[in-house]
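Here, each number is a calculation from the coordinates, and none is a lab measurement. Everything numeric here is computed off the predicted structure, so don't read it as measured data. Because the Cβ atoms are built from the backbone with ideal geometry, glycine has one as well, and the counts that use them run over all protein chains shown.
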Amino acid sequence: MVERVPAGIGNLGYRQRSPNWLAVGLVAAGIVLLAVLYRLVAPSGADRNDPGLLARAPAATATTAPTTASTTPPSTTSPAAAEGVKLVLRYLAPSWTVVEADGKVVFRGTPSASEQRTFRADRLIKLTLGNAGGVQLTVNGHKVGLAGNSGSILHRTFKPGAPPAGQ
């Protein structure tokens, strides 16, 4: 003996509804509007990959260290020491970069491939690279070559008159 399920129990009296196309359209329009607003207020390309972006106060960044007039008489040391330290970064690939000149952050960003940036300081330049293999260094006029291996992080300090490592 086989029992049949009464016809009304199968769907319990509910009829299947079609989607509310007005609600779907409003949600889609809202998503598009949010995407457009984000593009308007999002950080530019140089700051987009900066992990410290939210941690620092808004400040203008410069590509070179400020130059100050020297009040001391010229010394008899080597010309490189009298001129300070000069660092030229030539980017072969994007690399997150932080440059400190004489204790002040003068650049923080991610330059793209084919860019070149020059930095000067009186006493000291500290360099941090997120992709050392994508950057060629020139220090005080001496070509050092690639800063490291692709994808490796580099922390390095440069002083006036000191030959770069590997020279």
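Which peptide among 133-141, 115-123, 28-36 comes first, and what is the full order, when sorted by highest mean count of other Cβ atoms within 10 Å?
Numbers: 133-141: 19.3, 115-123: 16.6, 28-36: 9.9.
So the order, starting with the most tightly packed, is 133-141, 115-123, 28-36.
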Residue 142 paired with residue 93, simple spin-label distance in nm, labels 7 Å along Cα-to-beta-carbon: 2.7 nm
